[in-house]
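The values are calculated or read from the model by the stated rules, or taken from the named source; none is laboratory data. Not measured: the values here are computed from a predicted model. Positions of Cβ are backbone-derived with ideal geometry, glycine not excepted, and every protein chain shown enters the neighbour counts.
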Amino acid sequence: MEAIRVNNITKSYENINALSNVSFSINQTEIFGLIGPDGAGKTTLIRILTSLILPDEGNAYILNLDLKKDYKQIRKIIGYMPQRFSLYMDLSVEENLQFYAEIFGVSIKDNYYLIEPIYKQIEPYKERKAGKLSGGMKQKLALSCALIHRPKFLLLDEPTTGVDAISRIEFWEMLKNYQNEGITILVSTPYMDEALQCNRLAFIKEGKILTVASPSEILNNYPFNIYDIKNENTYQTIEYFKKIIPDAIINRFGQSLHCSTQLSFDEIIQATDINNILIEKIEPTIEDCFLWISQQQ
Amino acid sequence: MDIATTIEPQKYAIYARKLVKKFGNFIADDNLNFEVHPGEIFGLLGANGAGKTTAIKMMTGLLKPTSGILKVNGYDIYSESEIIRKSIGYMSQKFSLYEELTIYENIRFFGGIYGLNLKSIKSRAEWAEHTFSLSGFMDKRVSNLPLGWKQKVAFVVASIHNPAIIFLDEPTGGVDPSVRRNFWDNIYQASINGTTIIVTTHYMDEAEYCQRICIMDQGIIKAIGKPNELKNKFLVNTMNELFIKIVRN
């Protein structure tokens with residue numbers, strides 16, 4: 001069932017088009033990812049969906065509420081965690097949580113079960129001022145504050161930027177718990193590997209939605225064979241393959257390169273006449289797909 | 001037997017033995033032993049609080065070790081930190097650029113700080129314009145540039161005095177995958193030309209670009225080696241799995 005519908009939203013700041021004609025929908029209790037680099041328009045879109053700013057054109061519907069007319073009701077049912085956590089740095093951990101609970105007219109006790117797995121990790125520091133917490137702890141407190149009124153729709157703007165790998169994994173595990181609680185989630189990230197954790201995702205670049213699909217659809221629709229090529233000198237190897245397969249897409253991936261082409265494994269082996277090279281047919285990664293899709297535009 | 005001890009420490013870009021840093025009773029870095037070869041791209045990985053930042057601060061001469069040996073470009077960190085600072089460059093995630101100045105003005109300013117004369121500054125500006133495809137943009141204000149461009153300029157500024165080692169502290173957070181690849185091409189080029197690159201990062205795809213990596217946890221080096229060798233040794237397929245296996249156990 002459709003929970004969120006975004007219709008033809010356009011927004012510009014002075015002469016920059018932040019969003020151009022953006023449309024998509026999010027299903028009930030879905031984790032929907034907004035994947036794109038810095039400056040793609042992710043934050044603008046999220047701020048529009050929280051009713052903090054108005055679109056120039058288009059509209060959106062959040063659980064059948066009209067973004068422009070029913071924004072007062074919408075604000076009661078959404079939870080929003082901005083990129084720069086909106087915490088009161090001079091208040092303690094507990095006071096911050098108390099403050100958000102009171103704004104929404106709920107008691108911490110009512111919905112404590114929902115935040116317990118995260119909040120109990122920061123509870124030992126509940127007397128500490130929010131300004132004195134580490135980045136990971138601020139993130140946990142900000143998420144607790146965004147959830148304390150048990151929102152139906154949770155919007156998270158780059159919640160894992162600057163967070164270490166272990167905390168990121170725990171964070172995604174928690175999001176899945178909230179999904180099971182019946183909360184619909186929109187989460188933005190610049191990191192391609194997190195795309196796989198979403199039920200569906202939208203690739204966004206320069207204010208335009210490039211594609212909306214599930215991760216497996218995106219991976220399955222990749223139209224080329226893809227080879228992982230390893231050699232002592234990656235830089236020269238890239239130049240070499242650009243020459244022998246001019247229409248291939250060649251991208252560096254760490255110490256190897258990914259070569260996307262229509263050629264079969266045997267054909268590529270036959271075309272290659274350098275030594276000390278390891279060629280392996282692989283499945284595309286989500287990053288291969290993003291690179292290809294963004295080159296299509 | 002540690003082969004490295006039989007070779008002179010002067011031959012390394014970084015040479016650390018029994019390196020310790022304590023803050024009161026808290027041991028931030030405990031008995032670190034590692035070396036980085038000239039021209040190598042070396043990654044320092046770890047969760048928040050693993051001791052990466054303290055290690056970088058010691059290598060850049062900002063913090064004195066509590067005990068142990070640390071040589072940077074062959075110079076002793078205890079007695080020669082002034083010389084060390086002239087031989088290294090540092091680029092942080094929050095690019096330390098002057099937003100109100102143009103690209104050229106930033107280059108001139110940082111060149112001046114490192115004591116370059118105007119002639120050298122001009123020749124470094126030409127080098128930057130050519131190597132990083134900045135032509136036509138040298139007179140643009142930094143505040144008007146996209147993130148990927150700022151990143152390039154920050155790298156230029158960190159290498160303006162032609163340092164032997166450049167430290168990159170989480171260099172590519174938030175930028176486009178294709179922009180990120182261009183940036184790494186520049187880093188590889190610098191490494192081919194003999195510059196040593198030391199990178200810290202949270203992101204495992206970025207770690208894959210390093211020739212050798214060092215994984216730290218709670219002040220201790222847990223693993224050190226080439227990415228593929230470590231993946232084979234710990235029987236995992238991806239860098240993420242490697243990191244989790246090492247740090248969670």
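Points to keep in mind about this one:
- No other residue among A:ILE209, A:ILE204 is touching a residue at least 12 places away in the same chain (Cβ under 8 Å), under 18 Å from A:ILE286 (Cβ atoms) and within 14 Å of chain B (Cβ to nearest Cβ) apart from A:ILE204.
- Residue within segment B:130-140 that is surrounded by fewer than 18 Cβ atoms within 10 Å (Cβ to Cβ), touching a residue at least 40 places away in the same chain (Cβ under 8 Å) and not assigned by TED's automatic domain parsing to the domain that holds B:LYS52 present: yes
- Only a single item in (1) more than 8 Å from chain A (Cβ to nearest Cβ); (2) closer than 22 Å to B:LYS71 by Cβ is not met by B:ASN237, and it is number (2).
- Applying the criterion of being surrounded by fewer than 19 Cβ atoms within 10 Å (Cβ to Cβ) and more than 16 Å from B:ALA50 (Cα to Cα) to the residues of segment A:151-169, the residue that is farthest from the other protein chains (Cβ to nearest Cβ) is A:LYS152.
- Considering A:LEU114, A:LEU133, A:LEU67, A:LEU141, the condition of being under 30 Å from A:THR10 (Cα atoms) and surrounded by 13 or more Cβ atoms within 10 Å (Cβ to Cβ) is satisfied by A:LEU67 alone.
- Residues of segment B:154-182 that are within 14 Å of another protein chain (Cβ to nearest Cβ) and either surrounded by 22 or more Cβ atoms within 10 Å (Cβ to Cβ) or among the hydrophobic types (A, V, I, L, M, F, W, C) (or both): B:PRO171, B:THR172, B:VAL175, B:ASP176, B:VAL179, B:ARG180.
- Segment B:11-26 - residue that is under 27 Å from B:GLY89 (Cβ atoms) and outside any strand (DSSP E or B) and, of those, modelled with the lowest pLDDT: B:LYS11
- Matching residues, segment B:150-190, being assigned to a helix (DSSP H, G or I) and touching an Asp or Glu at 6+ places or on another chain (Cβ under 7 Å): B:PRO177
- Exclusive hit being assigned by TED's automatic domain parsing to the domain that holds A:ILE9, within 22 Å of B:SER178 (Cβ to Cβ), at pLDDT 90 or above and in a helix (DSSP H, G or I), set A:LEU196, A:LEU210: A:LEU196
- The residue that is nearest to the other protein chains (Cβ to nearest Cβ), counting only those in segment A:226-237 that are within 15 Å of B:ASP185 (Cβ to Cβ) and surrounded by fewer than 18 Cβ atoms within 10 Å (Cβ to Cβ), is A:TYR235.
- Some residue of segment B:214-222 being surrounded by 19 or more Cβ atoms within 10 Å (Cβ to Cβ) and facing chain A (nearest Cβ under 10 Å): yes
- Residues that are in contact with a strand residue (DSSP E or B) (Cβ under 9 Å, 6 or more places away or on another chain), of a type outside the set (S, T, N, Q) and over 28 Å from B:THR195 (Cβ atoms), drawn from segment B:9-37: B:VAL20, B:LYS22, B:ILE27, B:ASP30
- Counting only helices (runs of 4 or more DSSP H) that sit completely within segment A:34-111, those holding 2 or more residues that are at pLDDT 95 or above and touching a helix residue (DSSP H, G or I) at 6+ places or on another chain (Cβ under 7 Å) correspond to A:93-103.
- Residues located in segment B:71-115, provided they are among the aliphatic types (A, V, I, L, M), in a strand (DSSP E or B) and in contact with a helix residue (DSSP H, G or I) (Cβ under 6 Å, 6 or more places away or on another chain): B:VAL72, B:MET91
- In segment A:238-274, of all residues being aliphatic (A, V, I, L, M) and part of a helix (DSSP H, G or I), the one that is nearest to the other protein chains (Cβ to nearest Cβ) corresponds to A:ILE238.
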